[in-house]
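One structure is given here, and the rest of the page talks about it.
The values are calculated or read from the model by the stated rules, or taken from the named source; none is laboratory data. For clarity, every value in this text was computed on a predicted model and none was experimentally measured. All Cβ positions, glycine included, derive from the backbone under ideal geometry; neighbour counts span all protein chains shown. Just the protein is used for accessible areas: all its heavy atoms, side chains included, with ligands, DNA and RNA removed. Shrake-Rupley method; radii C 1.70, N 1.55, O 1.52, S 1.80 Å.
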Protein chains: 2
Amino acid sequence: MGGPLSMRPRTFIQKVERSPDDPTGPRFCIEDIFPCIDGGRYAVKRIAGEPVEVWADIFRDGHDQIAAALRWRRDGETRWHSAPMVFHSNDRWSGSFTPTEPGWYVFEIEAWTDAYASWRKAILLKQQAGQDVGVDAEEGAALIAEMMAGDGEAEAALENFRATGDPALLTADALADAMRRSDMRPDLTRSIPIPLLAERERARFSSWYEMVPRSQSPVPGRHGTFDDCIKRVPEIAALGFDVLYLTPIHPIGKTNRKGKNNSLRAGPDDPGSFYAVGDASGGHDAVHSELGTIEDFRRLVEACKAHNMEVALDIAVQCSPDHPWLKEHPQWFKRRPDGSIKYAENPPKKYEDIVNPDFNAPDRIALWLALRDVILFWVRQGVEIFRIDNPHTKPLPFWEWLIREVHSQNPNVIFLAEAFTRPKLMKALAKLGFTQSYTYFTWRTTKAEVQEYLSELSRYPERDYFRPNFFVTTPDILPVQLQKGEPWLFKARAALAALLSSNYGIYNGFELIEHEPIPGREEYINSEKYELKHRDWNKAGNIASYLGTLNRLRHENSALQQTANLRFLGVEDSNLIAFLKQSADGANAIASVVALSREAREFWLHFGDLTVAGKPVRALADLKGGQRHMLEWGGVRLRIDPGVDPALIFRCET
Amino acid sequence: MGGPLSMRPRTFIQKVERSPDDPTGPRFCIEDIFPCIDGGRYAVKRIAGEPVEVWADIFRDGHDQIAAALRWRRDGETRWHSAPMVFHSNDRWSGSFTPTEPGWYVFEIEAWTDAYASWRKAILLKQQAGQDVGVDAEEGAALIAEMMAGDGEAEAALENFRATGDPALLTADALADAMRRSDMRPDLTRSIPIPLLAERERARFSSWYEMVPRSQSPVPGRHGTFDDCIKRVPEIAALGFDVLYLTPIHPIGKTNRKGKNNSLRAGPDDPGSFYAVGDASGGHDAVHSELGTIEDFRRLVEACKAHNMEVALDIAVQCSPDHPWLKEHPQWFKRRPDGSIKYAENPPKKYEDIVNPDFNAPDRIALWLALRDVILFWVRQGVEIFRIDNPHTKPLPFWEWLIREVHSQNPNVIFLAEAFTRPKLMKALAKLGFTQSYTYFTWRTTKAEVQEYLSELSRYPERDYFRPNFFVTTPDILPVQLQKGEPWLFKARAALAALLSSNYGIYNGFELIEHEPIPGREEYINSEKYELKHRDWNKAGNIASYLGTLNRLRHENSALQQTANLRFLGVEDSNLIAFLKQSADGANAIASVVALSREAREFWLHFGDLTVAGKPVRALADLKGGQRHMLEWGGVRLRIDPGVDPALIFRCET
């Protein structure tokens, strides 16, 4: 469907450019390049249309004047773009470029000896010292003639010099400017190539609403449909969510189907887990017949687009024993000595309703292509966001290959990695191309934990490849903290997620304060993973409008549309977290305070000498209450009553 | 002489090992390798015979058990050595190896899936949970048969299992140990190769005495000879110096010869600057006839060896206009439009008595080979230490090539970079292979400056490639601080150099408190760079025996024989610097206090909870005075009188 498996050129290789014919190069050191992930092995992440600042140490031996440029091109294109770099101090240079379209890019730094500038500097110093420069001028004339052959301005200056012998003609500022047109670049040295992935804005700023489609029926006990989902789109869009993330929509297997609460025996009416993908009617590229048809699904996609939302699909690379691939591609599944196929397990845990394809199968390349084609099938249905289930249990090179394959056809596609595993493995998935990543946010509940974790995520190099997406709960995770069902705490957690991270999400039912766990575990009881659920979305006490306000403020304030611009503020209360975010141009600066405990109290929020766009903050405008607070002595006295609202959000005024 | 210029294999290239036939690999991430300089571009430096500890993050997808090994080989050898790595936590592993001989090495990390351990862990967990493991045992038997075909122990266990059906036979500890013999390593992934330069011990620990040979005559006005130098060897060796570093010993040009104090006109008896290398009688591979013959020089080399010292030669890649190369290889020197050869300059400064060969000349490869052969010539005369003059004004790739070329013939050769230039360029020279480097020590005089600079040099990664050599003065540098000629300060600076840095040196005359500058400059007046000098080495007030004591303590205490083991101690006096060094095994720990001002005073030296080899320090034994001080309240009250001795040196006792 997407053509044969292609091996992409290895643009990630760090190489020393030293031709076998020229042992004397490269003359320059180009070191400590920023941004750069793992020596150029992985791509730096940026947003298309936003400038990329590049810094490096650039130097060579000796006292010559040097010049440097930044060059870049989109992957697959042959033409390089170029921009000059400027010197700062201590051998440090910088330049910038803007990748205009989403896609994979590569950039490099070029450095060369500026022969004319070196000559010019020397002759001017000698003239100042009163030394004879006759021979120096001759040398300069020869150099200019060589570097600028055919250039009218340079040739006119040379002619003038030959007529008058005046060296000043060769060092004139206008000629010095013109000399930059020369394409003679002695000692030209190139840095390692550094890959960069430019994505569309939603990679950086998105608000996810996770919905289980079969639970969206307004009639209790009836299986929900895509049409039921379509009916809910306007209200969800009105709350300010822009990604409608659907749990898997595929046919569900019958063999070993799980019953309510993950029981081993399903009753005749139990719908089974939507993670047991596939039955005789189809697999990963089919829709569950009770949800509707593929045309119905496309209408849902269109309905979302009409409300400036997008559908995100949940891709779980696993099969129910009834998935068509088991018959069509038996070689993708490992047989045990007794002839059976092993179901998924993490001993001693067993997942009897699913089997995993074997990524080591001799026929694995066909499997890789089929999985890629699943994604491309849904891209053709209008889906450009995929949430990948458990990517950390499949080979990392598979994802690296898959993402680039999909991007070669549509660079707008966004991938969210649902990996709850060890930190380095989660980071590795982000490095190899996942747009966004699930995080440990759910379990970071104290002030110290939140500040430490956010500091890690917003520092370099993490900020350049790992985009967190903070989910407050998921169908698999009901954190202990929320199991008492305190509305103020549900609001506080939503506010932390929405204000700390520019990408965040909720799982349906959160707005209804659903909080009943399996006793002693961090999971929902009667989870809709195993049964149909019916909800009254207008139930008293719901916090939908609170979420709507958070989303509105996120949309209105560009400072809240990124994550790495985070800076914590001082507040002497271990149950209050305060932080500032400001937009790159400084025009928008938002200070927030979120309570971690229930009691109302007053507190000082410290700004000290903090400036926004170079000016000291003088007042805070409350974006929810409307009041205006003047700063005094570098801070402001505020009151918070979490029972009313656990989050204060202010626009900083200078 | 050393054979044609060879292009060495590019072992420095960071590569992703992904065969075009197998898009599914590499399965493992091997990241954040320590030690590693600039992503493996440059070699890590170590001492032959000392263990190299290697750390890395090693992980793959999923829940399988993994194994890892460190492998290494000497450059040019084909056989790899290997040692297992051990897991610590958070995906971090370590291993170690010892490069036994000086030379260039490369090491890599290998990781693979431990299929047997993965199977064993799963079946044991299932048995614990009371699950049926019949099929699992069959799978294990097949795996063992595959991995250990032909292994008696494994086959016996399998036979036993087939007879009894008891899975415990397949998970027995003895069999688990035996399984490590299997050479089946599924998913084998290799890290980038990391180069390592192992040098002999003197690379790490050396005490240099810089001598101007022509000034060593005991008869005023007579040109010194190698025989005069030989006569001084016993006294210099007795002071504990182990490197006798000679300024250039080559014939000196007559054209544009410099007179006293660098004047443009030399008198008929002026000997000229020994940096104006070469006359009609020879160049870089000849000796100045007034010093003696090459045989005399070899006797000096032998005399040093007999006293456990070595000769270091000063190599300046520059030529007097009379150097034979100007006639033999005119193409190595650039002609100006008027037909002249440009003498060296750094506008507006001019060096009229020397010309530089052109490293960009079309015939440059012959020039490179000739320069290499100069080094190899002196290596054949028994010299294994070279101090390279101004390497930062010659192409960096030249030095990288030269050092490896020389090491391919004699890996014992030590190169000291005399580059006083910008910090990144000095570090680059160290990275590409210079054994030791001159530093900014001479200009770091306050406590804050010394502590900041030493912290930079002893941190990672600098500690792994940059070995400082602290010279207190040089023929070019008489720092302002020493121009008053205060003996206590000469002692303090020598103590700082000798105690902070395991490589240090003095320039002859320092022990005589020579201190007269050219007014307003940091240079000696009447410098012996331009004239013969005669000295009374036993002059009253000389500090030779003080230097001898420093050297003796350095030799007696292994803690003082390295630099990166430095740790500053607390002392509340901005003119006292205190620090601790301890040997890797903790057996030797030396605390030193050096005064930066003249007045006598008492002070507290703080140890706090500091331990040495795991035990708290309880007493300090004064290695010069012999007293013993007991610590109380985590510190000790001491007295220093810089007029008597500006440096206290203690052995820490536990």
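Exactly one condition in (1) in contact (Cβ under 8 Å) with a residue 60 or more places away in the chain; (2) closer than 22 Å to A:ARG60 by Cβ; (3) within 14 Å of chain B (Cβ to nearest Cβ) is false for A:PRO195; which is it?
(2)
Which condition does B:ARG444 not pass, out of (1) buried (at least 17 other Cβ atoms within 10 Å of the Cβ); (2) in contact (Cβ under 8 Å) with a residue 24 or more places away in the chain; (3) in contact with a helix residue (DSSP H, G or I) (Cβ under 8 Å, 6 or more places away or on another chain), if it passes all the others?
Unmet condition: (2).
For residues that are open to solvent by less than 30 Å² (accessible area, probe 1.4 Å) and β-branched (Val, Ile, Thr), scanning just region A:525-564, find the one that is farthest from A:GLU235 (Cα to Cα).
A:THR563
Just one of (1) at pLDDT 95 or above; (2) away from chain B (no Cβ under 11 Å) trips up A:ALA419, so point out which.
(2)
Test each condition in (1) over 23 Å from A:GLY272 (Cα atoms); (2) open to solvent by 10 Å² or more (accessible area, probe 1.4 Å); (3) touching a strand residue (DSSP E or B) at 6+ places or on another chain (Cβ under 7 Å); (4) more than 12 Å from every other protein chain (Cβ to nearest Cβ) for A:ILE375 and report the one that comes out false.
Answer for A:ILE375: the failing condition is (2).
Go through region A:431-453 and report how many residues are among the aliphatic types (A, V, I, L, M) and more than 12 Å from chain B (Cβ to nearest Cβ). Steps first, please.
Keep residues of region A:431-453 that are among the aliphatic types (A, V, I, L, M), which gives A:432, A:448, A:450.
If we keep only those that are more than 12 Å from chain B (Cβ to nearest Cβ) too, we end up with A:448, A:450.
Counting residues in region A:431-453 that are among the aliphatic types (A, V, I, L, M) and more than 12 Å from chain B (Cβ to nearest Cβ) gives 2.
Do we have A:GLU53 as touching a Ser or Thr at 6+ places or on another chain (Cβ under 6 Å), loosely packed, with under 15 Cβ neighbours inside 10 Å, farther than 30 Å from B:ALA344 by Cα and away from chain B (no Cβ under 14 Å) here?
Details: touching a Ser or Thr at 6+ places or on another chain (Cβ under 6 Å): yes; loosely packed, with under 15 Cβ neighbours inside 10 Å: yes; farther than 30 Å from B:ALA344 by Cα: yes; away from chain B (no Cβ under 14 Å): yes.
In short, yes.
Away from chain B (no Cβ under 14 Å) and over 42 Å from the mean Cα position of the chain (by Cα), is that true of A:TYR116? Break it down stepwise before answering.
Details: away from chain B (no Cβ under 14 Å): yes; over 42 Å from the mean Cα position of the chain (by Cα): yes.
So A:TYR116 passes the test.
From A:ILE144, A:ILE194, grab the single residue that is under 30 Å from A:GLY39 (Cβ atoms), open to solvent by less than 20 Å² (accessible area, probe 1.4 Å) and either over 51 Å from the mean Cα position of the chain (by Cα) or among the aliphatic types (A, V, I, L, M) (or both). Steps first, answer last, please.
Numbers: A:ILE144 fails: under 30 Å from A:GLY39 (Cβ atoms).
Being under 30 Å from A:GLY39 (Cβ atoms), open to solvent by less than 20 Å² (accessible area, probe 1.4 Å) and either over 51 Å from the mean Cα position of the chain (by Cα) or among the aliphatic types (A, V, I, L, M) (or both) holds for just one of A:ILE144, A:ILE194, which is A:ILE194.
Could you figure out which of (1) within 14 Å of chain A (Cβ to nearest Cβ); (2) open to solvent by 10 Å² or more (accessible area, probe 1.4 Å); (3) touching a residue at least 24 places away in the same chain (Cβ under 8 Å) isn't true of B:GLN128?
So the condition that B:GLN128 fails would be (3).
Report yes if B:VAL287 is part of a helix (DSSP H, G or I), of a type in the set (A, V, I, L, M) and at pLDDT 95 or above, otherwise no. Break it down into steps so the answer makes sense when it comes.
Values: part of a helix (DSSP H, G or I): no; of a type in the set (A, V, I, L, M): yes; at pLDDT 95 or above: yes.
No; evaluated as a whole, the condition is false for this residue.
For region B:468-485, check the following and say yes or no: at least one residue is open to solvent by 30 Å² or more (accessible area, probe 1.4 Å) and either within 14 Å of chain A (Cβ to nearest Cβ) or assigned to a helix (DSSP H, G or I) (or both). Quick ask: steps written out before the conclusion?
Step one: filter region B:468-485 for residues open to solvent by 30 Å² or more (accessible area, probe 1.4 Å), giving B:476, B:480-481, B:483-484.
Then drop every residue that is not either within 14 Å of chain A (Cβ to nearest Cβ) or assigned to a helix (DSSP H, G or I) (or both), which leaves B:480-481.
There is at least one residue in region B:468-485 that is open to solvent by 30 Å² or more (accessible area, probe 1.4 Å) and either within 14 Å of chain A (Cβ to nearest Cβ) or assigned to a helix (DSSP H, G or I) (or both).
Filter region A:490-509 down to residues that are in contact with a Leu (Cβ under 8 Å, 6 or more places away or on another chain) and either assigned to a helix (DSSP H, G or I) or modelled with pLDDT under 95 (or both), then give me how many there are.
So the count comes out to 8.
Of all residues in region A:307-345, which are touching a residue at least 24 places away in the same chain (Cβ under 8 Å), of a type outside the set (S, T, N, Q) and assigned to a helix (DSSP H, G or I)? Steps first, please.
The initial filter retains those residues of region A:307-345 that are touching a residue at least 24 places away in the same chain (Cβ under 8 Å), namely A:307-326, A:329, A:331-334, A:343-344.
The next check asks that each one be of a type outside the set (S, T, N, Q); those that pass are A:307, A:309-317, A:319, A:321-326, A:329, A:332-334, A:343-344.
Result: A:PRO324, A:TRP325, A:LEU326, A:TRP332.
Could you list all residues from region A:283-308 that are in contact with a Ser or Thr (Cβ under 9 Å, 6 or more places away or on another chain) and open to solvent by less than 40 Å² (accessible area, probe 1.4 Å)? Working first, answer last.
Our first condition is that a residue be in contact with a Ser or Thr (Cβ under 9 Å, 6 or more places away or on another chain); within region A:283-308, this holds for A:283, A:287-292, A:296.
Scanning region A:283-308 gives A:GLY283, A:VAL287, A:HIS288, A:LEU291, A:GLY292, A:ASP296.
In region B:268-282, which residue that is among the acidic types (Asp, Glu) and within 20 Å of B:SER215 (Cα to Cα) is surrounded by the fewest Cβ atoms within 10 Å (Cβ to Cβ)?
The initial filter retains those residues of region B:268-282 that are among the acidic types (Asp, Glu), namely B:269-270, B:279.
After this cut, where a residue has to be within 20 Å of B:SER215 (Cα to Cα) as well, the list is B:269-270.
Details: B:ASP269: 9, B:ASP270: 17.
Step by step, filter region B:268-282, then rank; the result is B:ASP269.
Residues that are open to solvent by 20 Å² or more (accessible area, probe 1.4 Å), at least 2 per element: which strands (runs of 3 or more DSSP E) completely within region B:592-652 meet that?
Values: elements: B:601-606, B:619-622, B:628-630, B:635-640.
Hits in region B:592-652: B:601-606, B:628-630, B:635-640.
When you look at A:PRO234, is it within 14 Å of another protein chain (Cβ to nearest Cβ) and either polar (S, T, N, Q) or outside any loop (DSSP other than H, G, I, E, B) (or both), yes or no? Spell out the reasoning first.
On the way: within 14 Å of another protein chain (Cβ to nearest Cβ): no; either polar (S, T, N, Q) or outside any loop (DSSP other than H, G, I, E, B) (or both): yes.
No; evaluated as a whole, the condition is false for this residue.
Condition check ((1) within 43 Å of the chain's Cα centre (by Cα); (2) at pLDDT 95 or above; (3) small (Gly, Ala, Ser); (4) surrounded by fewer than 18 Cβ atoms within 10 Å (Cβ to Cβ)) across all residues:
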site: B:HIS81; (1), (2), (3), (4): yes, yes, no, yes
site: B:TRP93; (1), (2), (3), (4): yes, yes, no, no
site: B:THR98; (1), (2), (3), (4): yes, yes, no, yes
site: B:GLY103; (1), (2), (3), (4): yes, yes, yes, no
site: B:PHE107; (1), (2), (3), (4): yes, yes, no, no
site: B:ALA111; (1), (2), (3), (4): yes, yes, yes, no
site: B:ARG120; (1), (2), (3), (4): no, yes, no, no
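Is it the case that some residue within region A:385-396 is away from every other protein chain (no Cβ under 14 Å), over 18 Å from the mean Cα position of the chain (by Cα) and part of a loop (DSSP other than H, G, I, E, B)? Walk me through it before giving the result.
Of all residues in region A:385-396, those away from every other protein chain (no Cβ under 14 Å) come to A:385-387.
Filter again for over 18 Å from the mean Cα position of the chain (by Cα), leaving none.
No, region A:385-396 contains no residue that is away from every other protein chain (no Cβ under 14 Å), over 18 Å from the mean Cα position of the chain (by Cα) and part of a loop (DSSP other than H, G, I, E, B).
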